[in-house]
Amino acid sequence: MAQSNVAEIASIVSESSRAAMLTVLMDGRFHTASELAFMAGIKPQTASFHLSKMQEAGLIVQEKQGRHRYYGIQNEEVAKVMESFLFIAPPVKIKSLKQSSQDKAMRYARTCYDHLAGSLGVQLADALLKTGVLREDHENFRVTEKGELFFKELGIPLETVSKKRRSFSYRCLDWSERRHHLAGALGQAVLERLIELGWIQRVPQNRAVKVTEEGKDGLKKTFGIDHSKEGT
């Protein structure tokens with residue numbers, strides 16, 4: 001009889017409060033148990049219990065700073081699994097104007113663990129393919145010779161990025177767009193660079209990111225993405 005620990009992990013992720021906290025942690029940041037409890041709508045003591053279970057299962061990691069403890073996703077492999085769950089899960093029912101606004105913002109631009117996702121993430125990947133900066137190669141994107149120059153001019157050191165012990169530039173299937181965006185170490189570097197340039201800003205309390213006025217101009221000139229058409 002075949003033995004597998006898949007059921008054990010599935011049972012942990014399937015619990016609604018744990019799933020809610022893992023979804024929050026998909027923003028790629030570290031949060032306290034109190035913050036996660038608030039966003040999941042549960043008591044701090046309950047959150048601590050669930051976080052302990054997820055840590056034991058290797059889904060999350062804990063970091064201590066003084067008296068405070070912060071929790072984050074273990075690695076990109078866990079993030080991939082969570083993103084695949086979001087892809088096949090039925091859409092959340094919108095019950096208020098606030099929910100509708102948050103859903104619209106998330107679908108346009110958000111972080112997927114440590115890279116850019118949503119409509120903006122897909123548009124960016126499309127632009128890099130169209131201009132010959134990237135090309136598709138099975139499950140990954142490949143940087144072309146033209147792309148090496150492009151990323152250098154953008155301020156992204158490919159040699160340093162490629163040395164990270166993780167996937168370099170894989171194609172991540174976007175749950176809201178049903179198409180691929182750029183992930184891996186290169187995807188992370190692009191997100192960090194766009195934030196560094198001040199073109200996008202993280203939104204507190206959720207995974208959405210906001211395009212700044214400077215970013216609208218930068219995205220159009222660099223990638224040919226016209227943010228004004230989104231009406232956000």
Any idea which of (1) touching a strand residue (DSSP E or B) at 6+ places or on another chain (Cβ under 9 Å); (2) among the small types (Gly, Ala, Ser); (3) at positive phi; (4) surrounded by fewer than 16 Cβ atoms within 10 Å (Cβ to Cβ) is the one residue 84 doesn't satisfy? (3)
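Going by what's in this entry, would residue 42 be described as closer than 23 Å to residue 86 by Cα, part of a loop (DSSP other than H, G, I, E, B) and in contact (Cβ under 8 Å) with a residue 12 or more places away in the chain? Even if it seems obvious, please write down each step before you answer.
Numbers: closer than 23 Å to residue 86 by Cα: yes; part of a loop (DSSP other than H, G, I, E, B): yes; in contact (Cβ under 8 Å) with a residue 12 or more places away in the chain: yes.
Here the answer is yes, as residue 42 does meet what is asked.
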Residues in the range 53-73 that are surrounded by fewer than 16 Cβ atoms within 10 Å (Cβ to Cβ) and assigned to a loop (DSSP other than H, G, I, E, B): how many? 3
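Residue by residue, here is whether (1) out of contact with any Leu (no Cβ under 9 Å at 6 or more places or on another chain); (2) of a type in the set (Gly, Ala, Ser) holds:
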{"position": "147", "(1), (2)": "no, yes"}
{"position": "152", "(1), (2)": "no, no"}
{"position": "157", "(1), (2)": "yes, no"}
{"position": "173", "(1), (2)": "yes, no"}
{"position": "177", "(1), (2)": "yes, no"}
{"position": "195", "(1), (2)": "yes, no"}
{"position": "214", "(1), (2)": "no, no"}
Considering only the range 121-129, I want to know if a residue exists there that is open to solvent by less than 30 Å² (accessible area, probe 1.4 Å), in contact with a His (Cβ under 7 Å, 6 or more places away or on another chain) and either farther than 18 Å from residue 225 by Cβ or of a type in the set (Gly, Ala, Ser) (or both). yes
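Yes/no matrix, rows are residues, columns are (1) more than 22 Å from residue 157 (Cα to Cα); (2) at pLDDT 95 or above:
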{"position": "190", "(1), (2)": "no, yes"}
{"position": "193", "(1), (2)": "no, yes"}
{"position": "197", "(1), (2)": "no, yes"}
{"position": "204", "(1), (2)": "yes, no"}
{"position": "212", "(1), (2)": "yes, yes"}
{"position": "215", "(1), (2)": "no, yes"}
{"position": "219", "(1), (2)": "no, yes"}
{"position": "226", "(1), (2)": "yes, no"}
What pairs come out if I take residues in the range 65-86 that are within 20 Å of residue 47 (Cβ to Cβ) and pair them with residues that are surrounded by 15 or more Cβ atoms within 10 Å (Cβ to Cβ) and among the acidic types (Asp, Glu) whose C-beta lies under 6 Å away, six or more apart or interchain? none
Every pair of residues 6+ apart whose Cβ atoms lie under 9 Å, when the first sits in the range 10-23 and is small (Gly, Ala, Ser) while the second is open to solvent by 50 Å² or more (accessible area, probe 1.4 Å): 17/41; 17/46; 19/85; 20/39; 20/41
Check the range 185-197 and report whether any residue there is crowded, with 17+ Cβ neighbours inside 10 Å and at positive phi. no
Which members of the range 189-211 meet the condition of being of a type outside the set (D, E, K, R) and closer than 16 Å to residue 83 by Cα? 206, 208
Which of the following residues is without any contact (Cβ under 8 Å) to a residue 24 or more places away in the chain and not basic (Lys, Arg): 174, 226? 226
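Return the total of residues in the range 159-171 being among the β-branched types (Val, Ile, Thr) and touching a residue at least 24 places away in the same chain (Cβ under 8 Å). Can you show your working first?
To start, the set of residues in the range 159-171 that are among the β-branched types (Val, Ile, Thr) comprises 160-161.
Then keep just the ones that are touching a residue at least 24 places away in the same chain (Cβ under 8 Å); that gives 161.
Counting residues in the range 159-171 that are among the β-branched types (Val, Ile, Thr) and touching a residue at least 24 places away in the same chain (Cβ under 8 Å) gives 1.
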Might you check whether a residue that is part of a helix (DSSP H, G or I) and surrounded by 17 or more Cβ atoms within 10 Å (Cβ to Cβ) occurs anywhere in the range 198-213? no
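Going by what's in this entry, would residue 106 be described as within 30 Å of residue 135 (Cα to Cα), touching a Leu at 6+ places or on another chain (Cβ under 7 Å) and open to solvent by less than 50 Å² (accessible area, probe 1.4 Å)? Outline the logic, then answer.
Details: within 30 Å of residue 135 (Cα to Cα): yes; touching a Leu at 6+ places or on another chain (Cβ under 7 Å): no; open to solvent by less than 50 Å² (accessible area, probe 1.4 Å): yes.
In short, no.
The values are calculated or read from the model by the stated rules, or taken from the named source; none is laboratory data. Note that the coordinates shown come from a computational prediction; the quantities given were computed from them, not determined experimentally. Neighbour counts are summed over all protein chains in view; Cβ atoms, including those assigned to glycine, are modelled from backbone coordinates with ideal geometry. Note: areas computed on protein heavy atoms with side chains; ligands, DNA, RNA excluded. Shrake-Rupley method; radii C 1.70, N 1.55, O 1.52, S 1.80 Å.
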